[in-house]
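Reviewing the structure listed below.
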Amino acid sequence: MTDLTLAMEAVKAGMAGFVTKCHQGDTSARAAVVEEAMELLYPGKNFRVWGGVVLNHGVGGLNPSAVYASGKMGGRFVWFPTVDAENDAQYKKMHAGQQGLGASNEQPIKKPKIKLLDDEGTLVPEVKEVLRQIKAFNMVLATGHISVQESLALVRAAATMGIRKILVNHVSLPITKASLALQKEYIDSGAMVEHCYYTPMAGLCSWEEIAESIRTLGPEHVILSTDLGQPTNSSPVEGMEKFAEHLYSLGISEKSIFQMMASNPEKLFF
């Protein structure tokens with residue numbers, strides 16, 4: 001499924017837009033092209049497509065120049081390392097038999113994995129330079145697959161610098177799993193937390209675990225996404241619909257689901 005095919009499916013489902021992400025590069029330019037094409041195909045719909053950059057080795061890792069370039073091209077998201085994060089690699093090594101962890105996203109080129117904290121537990125200098133560019137372009141900081149310790153340090157540093165658009169990714173995914181107490185710390189430090197449909201769909205967490213997080217934190221602090229788009233999985237549009245259905249069956253109200261799928265994401269962009 002291409003970005004344009006997804007956009008056409010999404011607009012027919014009544015969606016207002018989506019974020020496109022690639023582990024190996026920057027999606028800002030292709031997002032702009034798809035958005036322009038959608039205006040030609042569906043005049044007046046104002047369907048939005050946002051892109052950004054993932055700070056894996058494909059763009060030089062913790063590279064402020066990559067963030068600057070993305071921001072200049074209209075990129076709105078900066079994801080910290082995902083498949084090239086040291087935390088991601090360590091978890092996959094320790095749980096080599098576990099399915100659904102995205103091992104196919106790994107590059108064959110072997111380079112040292114990326115970590116955000118030095119041996120003293122302090123954020124490495126490159127992080128601050130990246131944060132400066134995120135703030136300069138008013139981009140959304142997303143934590144990627146870094147460790148919970150790295151995520152908390154990053155969120156606190158970003159908040160101290162005045163960055164207000166912060167999203168902690170995958171709090172129910174085993175690689176980046178955060179306890180309810182830690183999720184509260186993220187929120188108290190100025191972040192929103194994300195739950196993805198892929199995680200329970202792949203059996204990597206329970207549906208009730210996500211529902212409990214929503215009830216505990218409050219829907220105003222949660223964003224729901226799919227983490228879909230892989231060729232072997234269903235479309236993100238279908239995933240979003242099923243996500244809503246599952247949560248509604250667990251007692252999460254329609255109003256809360258709309259807030260987490262539409263209202264809260266909107267706050268990150270406008």
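The values are calculated or read from the model by the stated rules, or taken from the named source; none is laboratory data. In this text the structure is predicted, and so the values were computed from the model without any measurement. Please note: Cβ atoms are built from the backbone with ideal geometry, for glycine as well, and neighbour counts cover all protein chains shown. Surface areas here come from the heavy atoms of the whole protein model, side chains and all, with no ligands, DNA or RNA. Shrake-Rupley method; radii C 1.70, N 1.55, O 1.52, S 1.80 Å.
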* **Distance histogram for the chain (every C-alpha pair counted, 10 angstrom bins, percent rounded to whole numbers)** => 7, 30, 39, 21, 3, 0
* Asked: Sorted from largest down, what three extents in whole angstroms do the Cα atoms of the range 30-145 have along their principal axes?
  -> 51, 35, 21
* Alpha-carbon gyration tensor eigenvalues x 5, square-rooted, for the range 192-247, Å -> 20, 11, 9
* Asked: So which aspartates and glutamates can residue 242 reach, going by Cα to Cα under 19 Å and dropping same-chain residues fewer than 8 places off?
  -> 9, 194, 208, 209, 212, 227, 254
* **Compactness of the range 123-270 - radius of gyration and Dmax, Cα, Å** => 15.2, 46
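Quick check for me: using +1 on Lys/Arg Cβ and -1 on Asp/Glu Cβ, what's the dipole size of the chain about its Cα centre, in debye to the nearest 20? It would help to have the intermediate numbers written out before the result.
Working: 25 positive and 29 negative charges, 93 e Å.
The calculated dipole for the chain is roughly 440 debye.
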* To do: Could you provide, to the nearest whole Å², the per residue accessible area of the range 1-106 with probe 1.4 Å?
  => 48
* Asked: What do you reckon, how do 72, 12, 113 stack up by accessible area (1.4 Å probe), largest on top?
  -> 12, 72, 113
* Structure fact -> Calculated from DSSP helices alone, with each H run of at least 4 adding -39500 (n - 2.57) and the total divided by the residues of the chain, [θ]222 nm to the nearest 500 comes to -12500 deg cm²/dmol
* Asked: So what is Rg over Rh here for the range 93-141, counting just Cα atoms and using Kirkwood for Rh?
  -> 1.10
* With the calculation restricted to Cα positions, what are the radius of gyration and Dmax of the range 127-205 in angstrom? -> 12.6, 39
* Asked: In what sequence, largest accessible area first, do 241, 254, 9 appear using a 1.4 Å probe?
  -> 254, 241, 9
* **Top of 181, 29, 244 by mean-square fluctuation, Gaussian network on the chain, Cα under 10 Å** => 181
